Structure formats: C-alpha cells, structure tokens
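To start, the structure itself, in structure tokens.
The values are calculated or read from the model by the stated rules, or taken from the named source; none is laboratory data. All figures in this text were calculated on a predicted structure; none of them were measured in a lab. FYI the Cβ positions are ideal-geometry reconstructions off the backbone, even for glycines, and counts take in every protein chain you see.
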Amino acid sequence: MTTDSSGDVRLTGIGKTYDNGFTAVQPMDLTVPQGSFFALLGASGCGKTTTLRMIAGLEEPTTGTVHLGDQDVTHLPPYKRPVNTVFQSYALFPHLDIFENVAFGLRRRGIKSVKKQVEDMLELVQLGEQARKKPHQLSGGQQQRVAVARALINHPKVLLLDEPLGALDLKLRRQMQLELKRIQTEVGITFVHVTHDQEEAMTMADTVAVMNAGRVEQLGSPADLYENPNTTFVANFLGTSNLIEAEVDTKSGDDIILKAGGGKLVLPEARCSAPATTGGKVLVGVRPEKISLTHADDAGSIPEGRNRITGKVADASFIGVSTQYVIDSAVCPEFAVYVQNIERDGRLVPGADVVLHWSPAHTFGLDAAQDIDAGTEEEAA
Ligand SMILES: Nc1ncnc2c1ncn2[C@@H]1O[C@H](COP(=O)(O)OP(=O)(O)O)[C@@H](O)[C@H]1O
Ligand SMILES: [Mg+2]
C-alpha cells in the first residue's frame with residue numbers, strides 16, 4: 001500500500017432504498033484504502049452489488065456520498081468516474097479479437113498508437129500469445145482475464161469486480177483467485193471484489209467486509225475475522241464455529257469463568273465481545289480445528305487448564321488430511337471437531353465416549369441475545 005490516497009474509496013452514510021420501498025443497503029460508512037484488495041462478502045441478496053453499483057455510479061444512492069480520494073463523485077455519471085467494473089458475464093465484443101477488445105477503451109478516446117499499451121496489458125494477464133484469437137476461442141478463465149485487461153488499460157483508480165469468477169468451475173476459480181491477486185499486487189490499484197464465497201474472499205483480500213441484510217457486520221483481515229468474530233453471523237458464515245450457551249459465573253484475573261452443562265469453561269475477557277456480568281448469558285465459541293479429542297478411558301492424560309466437555313462420537317468422516325467428527329454433547333448437540341491425520345485413534349468411532357478439550361486462549365465470547373444459527377447453511381436453506 002502507498003501513502004497516496006487518491007485511490008481511496010470513501011463511502012459516507014451511503015444507503016439505498018429502491019423505488020418499491022425496499023432498503024437494500026442501510027446507511028453505512030466504509031473506507032477502502034488506496035492500493036488494497038478489498039472484498040465485500042455476504043450471502044446472495046445482502047446488498048453487495050447495490051453497494052458496488054453506487055461506487056460505479058450505476059445506481060444513485062438514496063442517502064450519503066461517494067468520494068474517490070478527495071473528489072466527491074456522488075453526482076458524476078459512471079463514465080466520468082476513474083472507476084471500471086468487471087462483471088460475472090465477460091461482455092467481450094464477440095466480433096473483435098482479443099487485441100481489439102483490450103484496445104477498445106483507448107481507441108474510443110481517440111488514442112492512435114495503442115500497440116505497446118495493449119501488448120503490456122496482455123502480458124500482465126498472460127495472454128500475449130492469444131492476441132489474434134476471438135473471445136469464443138478462449139476458455140472462461142482466459143476470457144475473464146481479457147475483461148480485466150480491458151478494464152485496467154483505462155488506468156482506473158479503482159477496479160470493481162462483481163462475482164467475476166462466478167461462472168468458472170472450482171479448479172479454474174482457484175487458479176484465477178491467485179492470478180487476480182498477482183495482477184492487483186503488480187498494478188497496485190484499489191480492487192473492490194464482491195463475492196458470496198468466503199474462501200474466495202479470504203484467499204484474495206487484505207480486508208474483508210462481511211455484509212448481512214444491507215449492513216456491514218464486521219470488517220477486518222481474513223485472519224482477524226476468523227479468529228475474532230464479533231457476531232454469530234460472522235462466526236458461522238466464515239468457516240464453522242461451535243457455539244455453546246453459557247452463564248457467567250465469576251471473573252478471575254483476565255478470565256471470565258462460565259458455567260455450561262454442569263462444567264466450567266474459561267474465556268479470556270479480552271476475547272469476549274459481549275458484556276459479561278455474573279448470572280448473565282454469553283455464547284462461547286471455538287473453532288473445530290482448535291479442539292483435541294481424547295477417548296474417555298484416557299481422560300486422565302489431558303493436561304490441566306484446558307477447557308473440556310464430554311460427549312459421544314455421533315459421526316466420523318475421514319477426508320484424508322483430517323477426520324471430521326460430529327460429537328453429541330449436553331452443551332451443544334452437533335459439536336464439530338477436525339483432527340489432523342497424524343496418528344489416528346481407532347477407538348474414536350460412532351458411539352465412543354470422548355472428552356473434547358482446547359486451550360482457553362482459543363475461546364471467543366459473543367452476545368447471547370443473537371440468533372445462534374445466524375449465517376449457518378441450515379439458516380440459509
Ligand atoms: N432495482 C431493484 N429494485 C428493487 N429491489 C432490488 C433492485 N435491485 C436489487 N434489489 C434487491 O435488493 C437486495 C440486494 O440486492 P443486491 O445488491 O443485488 O444483492 P447481492 O449482490 O448481495 O446479491 C435484494 O433483495 C434484491 O432483490
Ligand atoms: Mg450481486
């Protein structure tokens with residue numbers, strides 16, 4: 001990232017209510033720093049495209065302003081904004097070859113000598129050899145790279161990408177994620193990438209804004225969002241979380257001591273995003289890969305100081321690198337535990353009595369007034 005702020009995208013109080021009275025985006029503030037790879041992540045219908053279209057000038061905000069650097073662009077038409085958009089449908093010109101597709105923006109501005117710039121752009125997206133082919137002769141991923149080159153040749157300050165990889169199959173999508181990330185690093189301009197795929201957002205972006213029902217629920221680096229979710233929606237939408245309803249018992253130093261299903265759990269106070277008062281409720285969260293699984297017969301070997309819960313193996317799926325267990329426990333009906341495939345304990349089969357245990361440091365706390373299932377696939381279905 002640079003100290004130049006001319007490519008900052010600054011949304012202030014921006015909101016959109018459509019003519020039918022439906023509010024797709026609640027008034028919000030959002031700053032995307034110059035040179036960052038920023039992802040807007042959320043389920044279908046949460047307002048991502050509407051937000052992007054307001055930045056592009058394709059949708060008029062009901063409230064608020066859009067700034068690019070110091071410039072207020074709220075009332076500028078799309079073509080006067082230093083912004084280009086790449087959509088899921090590549091919208092290449094079928095009758096023009098790749099070279100002419102990429103040259104289009106330059107020619108339209110009356111620029112005669114386009115050769116060097118177009119060649120550099122094709123080089124950037126690694127399509128130098130394909131210049132004289134027609135779009136239909138390229139794969140989906142290659143066509144999408146042409147669309148990126150065609151947008152970047154206009155030297156926008158900001159590139160907006162609306163689910164650009166949505167039409168590609170999984171393997172190609174993974175390749176293109178890395179490819180787009182490389183291109184962004186090379187050109188250094190601000191990318192705002194919209195996706196509903198949490199893995200895609202986490203792979204590509206420096207900063208992710210998780211959207212839900214027209215609001216940004218939480219904003220942060222992928223690791224920060226994953227390790228320190230502030231809401232049940234973020235905890236469940238990014239990966240998998242086990243959430244346990246617990247009651248605050250007491251405080252001890254920097255820790256909160258909680259009661260859950262007859263046992264005690266320790267939660268560092270700094271990792272609790274909810275107010276914790278004695279007798280109050282908190283949702284205790286822990287990620288599946290942070291948990292160890294020990295057969296009940298060996299419970300004595302578990303070190304002191306770890307959070308522990310007893311349960312019964314309900315299901316075990318061996319997937320190669322790990323085994324994914326579902327554990328039935330009194331405090332949480334379907335506890336997910338991922339155990340790395342190093343040495344497998346053959347006794348951990350459905351029906352086995354087990355102890356789940358993890359470090360208090362890997363525990364997070366959430367406000368118990370929320371829907372515990374927000375952001376889960378069951379909820380979406
Ligand atoms: N022109 C429109 N008129 C009324 N409602 C719309 C319009 N465009 C989008 N919406 C609604 O606004 C919500 C957000 O849409 P959108 O921004 O496209 O979401 P996303 O890109 O996250 O899937 C959806 O419920 C959608 O149906
Ligand atoms: Mg959309």
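Looking at this structure, is residue 43 in a loop (DSSP other than H, G, I, E, B), out of contact with any Ser or Thr (no Cβ under 7 Å at 6 or more places or on another chain) and closer than 27 Å to residue 167 by Cβ?
Taking the combined requirement at face value, the residue satisfies it.
Residue 305 falls short on exactly one of the conditions (1) under 17 Å from residue 352 (Cα atoms); (2) in a loop (DSSP other than H, G, I, E, B), and that condition is (1). Screening residue 128 on (1) at pLDDT below 95; (2) buried (at least 21 other Cβ atoms within 10 Å of the Cβ) shows it passes everything except condition (2).
Hey, could you check segment 1-57 for residues that are polar (S, T, N, Q) and more than 14 Å from ligand 1 (Cβ to nearest atom) and say which is modelled with the lowest pLDDT? The qualifying residue modelled with the lowest pLDDT is 2. Selection over segment 196-209 of residues that are surrounded by fewer than 21 Cβ atoms within 10 Å (Cβ to Cβ), of a type outside the set (D, E, K, R) and within 14 Å of ligand 2 (Cβ to nearest atom) gives a count of 1.
One residue alone among 40, 68 is within 12 Å of ligand 2 (Cβ to nearest atom) and of a type outside the set (Ser, Thr, Tyr), and that residue is 40.
Take the conditions (1) within 25 Å of residue 234 (Cβ to Cβ); (2) at pLDDT below 95; residue 341 misses just one of them, which is (1). Just one of the listed residues (155, 193, 136) is in the same structural domain as residue 226 (by TED's automatic domain parsing), crowded, with 22+ Cβ neighbours inside 10 Å and not aliphatic (A, V, I, L, M), namely 193.
Note on segment 362-380: residues that are touching a Lys or Arg at 6+ places or on another chain (Cβ under 8 Å) and outside any loop (DSSP other than H, G, I, E, B) amount to 3. Of all residues in segment 34-55, those that are closer than 26 Å to residue 80 by Cβ and touching a residue at least 40 places away in the same chain (Cβ under 8 Å) have Cβ atoms under 8 Å from Cβ atoms of residues that are within 13 Å of ligand 2 (Cβ to nearest atom) and in a helix (DSSP H, G or I), 6 or more apart or on another chain, in 40/48; 40/51; 40/52. Does segment 1-24 contain at least one residue that is free of Cβ contacts under 8 Å to residues at least 40 places away in the same chain, within 16 Å of ligand 2 (Cβ to nearest atom) and closer than 20 Å to residue 207 by Cα? Checked segment 1-24: no residue is free of Cβ contacts under 8 Å to residues at least 40 places away in the same chain, within 16 Å of ligand 2 (Cβ to nearest atom) and closer than 20 Å to residue 207 by Cα. Is segment 56-73 home to any residue that is in a strand (DSSP E or B), of a type in the set (A, V, I, L, M) and more than 13 Å from residue 9 (Cβ to Cβ)? The answer is no, given that none of the residues of segment 56-73 is in a strand (DSSP E or B), of a type in the set (A, V, I, L, M) and more than 13 Å from residue 9 (Cβ to Cβ).
Of the helices (runs of 4 or more DSSP H) entirely within segment 154-232, those holding at least 3 residues that are of a type in the set (A, V, I, L, M) occupy 170-187, 198-204. Among the residues of segment 16-31, those identified as surrounded by 15 or more Cβ atoms within 10 Å (Cβ to Cβ) and in contact with a helix residue (DSSP H, G or I) (Cβ under 9 Å, 6 or more places away or on another chain) are 16, 24, 25, 28, 30.
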